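Below is one structure, written out as structure tokens; the observations come after it.
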Amino acid sequence: MKKYNHNKAGFSLMEMLLAISIFVIIILSSTRIFQLVVQGQRQAIAAYHVQENLKYFFEVMSKEVRMATMDTAGDCPNVSLNQLYTVIGDDLYFKNFEEECVHYYMEDDNGVNRFKIERGSNSGYITTSSVNINSLKFNVQDDVSGGAQLEQPSVTVNLQAEAIASELDKSEMTLQTTISSRYYE
């Protein structure tokens with residue numbers, strides 16, 4: 001005859017429910033942490049994208065603005081005679097070192113505000129369509145008397161831009177820089 005051992009160690013229903021509950025809490029917590037990490041990574045990528053676009057914008061613009069020449073012949077429309085830079089509204093006008101009339105401004109491109117440059121008869125966007133320029137302001141500091149510069153001219157650019165993305169992944173930046181001219185008379 002066989003003997004059955006009824007004293008085998010096992011888990012009770014309460015112990016099983018407690019173990020499953022702890023396991024579910026750990027899984028839910030780690031899932032939420034993972035979601036937060038992914039969201040943070042998306043925001044960092046959006047911020048990097050906006051930063052790279054604006055960096056390129058400022059590099060192109062600063063080189064050309066530094067090398068601006070005075071329009072003494074008056075052949076550039078919207079550029080004041082014997083001035084390096086002219087600001088009309090939110091637009092910047094000047095004559096570059098290649099004697100081309102230059103116009104920097106913001107333009108709507110299918111619902112996205114992008115930075116645009118016109119040089120003579122050529123024009124093109126300098127920011128991508130995935131970055132929206134919310135605000136662009138130019139401020140010119142110069143002191144001209146009798147066609148002579150009394151102080152070093154400079155252009156201050158205030159810019160606010162954001163990545164075009166879902167609300168959770170948006171990244172907005174506000175930047176300001178001042179570019180001084182290399183034009184000496």
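Quick note: the coordinates plus some simple rules give every number you see, no bench work behind them. What you see is a predicted model, and the numbers here were worked out from it, not measured in a lab. Because the Cβ atoms are built from the backbone with ideal geometry, glycine has one as well, and the counts that use them run over all protein chains shown.
The single residue among K95, K116 that is touching a Cys at 6+ places or on another chain (Cβ under 8 Å) and either surrounded by 16 or more Cβ atoms within 10 Å (Cβ to Cβ) or of a type outside the set (V, I, T) (or both) turns out to be K95.
If you check Q35 against the conditions, is it under 28 Å from the mean Cα position of the chain (by Cα) and farther than 28 Å from L136 by Cα? Yes: the conditions hold for Q35. If you check F94 against the conditions, is it under 17 Å from S180 (Cβ atoms), within 23 Å of the chain's Cα centre (by Cα) and touching a residue at least 12 places away in the same chain (Cβ under 8 Å)? Criteria not met by F94.
Here is a list of conditions, (1) of a type in the set (A, V, I, L, M, F, W, C); (2) under 24 Å from N96 (Cβ atoms); (3) over 30 Å from the mean Cα position of the chain (by Cα), and F58 meets all of them except one; can you say which number that is? Checking F58 against (1) of a type in the set (A, V, I, L, M, F, W, C); (2) under 24 Å from N96 (Cβ atoms); (3) over 30 Å from the mean Cα position of the chain (by Cα), the one that fails is (3).
Listed by position, the strands (runs of 3 or more DSSP E) enclosed by the stretch 1-117 that each have at least 3 residues that are of a type in the set (A, V, I, L, M, F, W, C) and at negative phi are 101-109.
Rundown of residues vs (1) over 30 Å from V131 (Cβ atoms); (2) not polar (S, T, N, Q), yes/no style:
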| site | (1), (2) |
| --- | --- |
| I20 | yes, yes |
| S30 | yes, no |
| Q39 | no, no |
| Q43 | no, no |
| A46 | no, yes |
| V50 | no, yes |
| F58 | no, yes |
| D71 | yes, yes |
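Here's the yes/no breakdown for (1) among the hydroxyl-bearing types (S, T, Y); (2) under 21 Å from the mean Cα position of the chain (by Cα); (3) over 18 Å from T177 (Cα atoms); (4) surrounded by 11 or more Cβ atoms within 10 Å (Cβ to Cβ):
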| residue | (1), (2), (3), (4) |
| --- | --- |
| I25 | no, no, yes, no |
| Y48 | yes, yes, yes, yes |
| E64 | no, yes, no, yes |
| N82 | no, no, yes, yes |
| E100 | no, no, yes, yes |
| S121 | yes, no, yes, no |
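Scanning the stretch 150-171 for residues that are touching an Asp or Glu at 6+ places or on another chain (Cβ under 9 Å), within 17 Å of G111 (Cα to Cα) and in contact (Cβ under 8 Å) with a residue 40 or more places away in the chain yields A161, E162, A163, K170.
Does S154 fit the bill of being out of contact with any Lys or Arg (no Cβ under 6 Å at 6 or more places or on another chain), part of a strand (DSSP E or B) and either surrounded by 17 or more Cβ atoms within 10 Å (Cβ to Cβ) or among the aromatic types (F, W, Y) (or both)?
Details: out of contact with any Lys or Arg (no Cβ under 6 Å at 6 or more places or on another chain): yes; part of a strand (DSSP E or B): yes; either surrounded by 17 or more Cβ atoms within 10 Å (Cβ to Cβ) or among the aromatic types (F, W, Y) (or both): yes.
The answer is yes for S154.
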